[in-house]
Amino acid sequence: KNEVEQSPQNLTAQEGEFITINCSYSVGISALHWLQQHPGGGIVSLFMLSSGKKKHGRLIATINIQEKHSSLHITASHPRDSAVYICAVRSRPGGGADGLTFGKGTHLIIQP
Amino acid sequence: DSGVTQTPKHLITATGQRVTLRCSPRSGDLSVYWYQQSLDQGLQFLIQYYNGEERAKGNILERFSAQQFPDLHSELNLSSLELGDSALYFCASTPHPSTFGSGTRLTVV
């Protein structure tokens, strides 16, 4: 079982719809990241969260540490939001490997 | 621009061959983290070096090895390549994804 589970795996929606992508993790973490990857392959860091909520433009990310769950929301979705969204966690210091552990990603397609 | 440089951007090679991927960390950073992104496994942490020393190991195959040189650049060596090694290989110089390089796309044919 992957330590980081994302849902849904695939999501197709119409332009303007409100989008929610979920991420659950099973380990103690020091930080959770939301990443965006377009077909060209480059990875863009959207948010880093350790508690609460962050907003940037039409994107909102929340985290509930007690429930080990995070959500990424996109309001007024647009075709340019079409990408793969990846949740990644960094374990607490001393928890082993210092690198990130990733969810398998959510393939989002926004149709005009 | 993350400040992390990866070369080459693309690599096509045959099964059984050996390749070397190169990564230069952002100025001032002492670490290099290597990641593999394949279609079936997604993104996985492979290995971390800090100031020339191996710091942490993830899901790195025995056919793969890495090193970090005194000038802090790192090389990831992949040998006895198999079709399943085809993937995007990223490096980063901190645990924060903002320092991901642009990746090397390896295709094994």
With residue A:40 itself left out, Lys, Arg at +1 and Asp, Glu at -1 over residues whose Cβ is under 14 Å from its Cβ give +3
When only C-alpha pairs under 8 Å and at least 6 residues apart count, what is the relative contact order of chain B, in percent?
-> 38
Within-15-Å neighbourhood charge of residue B:19 [Cβ basis; K, R +1; D, E -1] | +2
Going by accessible area, probe 1.4 Å, with all protein chains left in place, what is the ranking of B:49, B:89, largest first?
-> B:49, B:89
By accessible area (1.4 Å), largest first, A:106, A:75 order as A:75, A:106
Which value, in debye to the nearest 20, gives the size of the charge dipole of chain A about its Cα centre, when Lys and Arg are +1 and Asp and Glu are -1 at the Cβ?
-> 240
Overall form of region A:25-94 per C-alpha gyration tensor (a/c, 1.5; a/b vs b/c) | oblate
Any idea of the accessible area per residue across region A:26-112, 1.4 Å probe, to the nearest Å²?
-> 46
Rounded to a whole number, the mean other protein chain Cβ count within 10 angstrom for residues of B:93-103 is 5
Answer rounded, prolate or oblate for the protein assembly as shown, using the Cα gyration tensor with square roots of eigenvalues a ≥ b ≥ c: rounded when a/c is under 1.5, else prolate when a/b is larger than b/c, else oblate.
-> prolate
So which trypsin sites (Lys or Arg not before Pro) in region B:8-109 pass both tests, a DSSP loop state and at most 11 other Cβ atoms within 10 Å of the Cβ?
-> B:9, B:18
Counting only other chains, what is the mean number of Cβ atoms within 10 angstrom of the Cβ of each residue in peptide A:100-111?
-> 3
Mind checking the mean number of beta-carbon atoms from other chains within 10 Å of the Cβ atoms in B:43-55?
-> 3
Mean 1/r over all different Cα pairs, inverted: what Kirkwood radius does region B:15-109 give, in Å?
-> 13.2
Within the under-13-Å Cβ sphere about residue A:21, not counting residue A:21, Lys/Arg +1 and Asp/Glu -1 give a net charge of -2
If you average the sequence gap of Cα pairs under 8 Å that are 6 or more apart and divide by the length of chain A, what percent do you get for the contact order?
-> 37
In terms of the alpha carbon gyration tensor, root eigenvalues a ≥ b ≥ c, rounded if a/c is under 1.5 and otherwise prolate when a/b exceeds b/c or oblate, region A:27-66 is oblate
Counting only heavy atoms of protein chains, what accessible area per residue, in Å², does chain B have with a probe of 1.4 Å?
-> 47
For the pair A and B, the solvent-accessible area buried on both sides (1.4 Å probe; DNA, RNA and ligands excluded), in Å² to the nearest hundred, is 1400
How big is the C-alpha Rg of region A:1-51 next to the rule-of-thumb value 2.2 N^0.38 Å, as a ratio?
-> 1.33
Each residue of region A:58-72 in order: what ³J(HN,Hα) in whole Hz does its phi give by Karplus 6.51 cos²θ - 1.76 cosθ + 1.60, θ = phi - 60°, with x for Gly and Pro?
-> 8, 9, 10, 10, 10, 9, 10, 5, 5, 8, 6, 8, 9, 10, 10
Nonlocal amide H pairs with residue B:56, under 5 Å, H built at 1.01 Å = B:48
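The values are calculated or read from the model by the stated rules, or taken from the named source; none is laboratory data. Fair warning: this is a prediction, and the values are worked out from it, not measured in the lab. As a convention, Cβ positions derive from the backbone with ideal geometry for all residues, glycine included, and neighbour counts pool all protein chains shown. These accessible areas exclude ligands, DNA and RNA; they are computed on the full protein's heavy atoms, side chains included. Shrake-Rupley method; radii C 1.70, N 1.55, O 1.52, S 1.80 Å.
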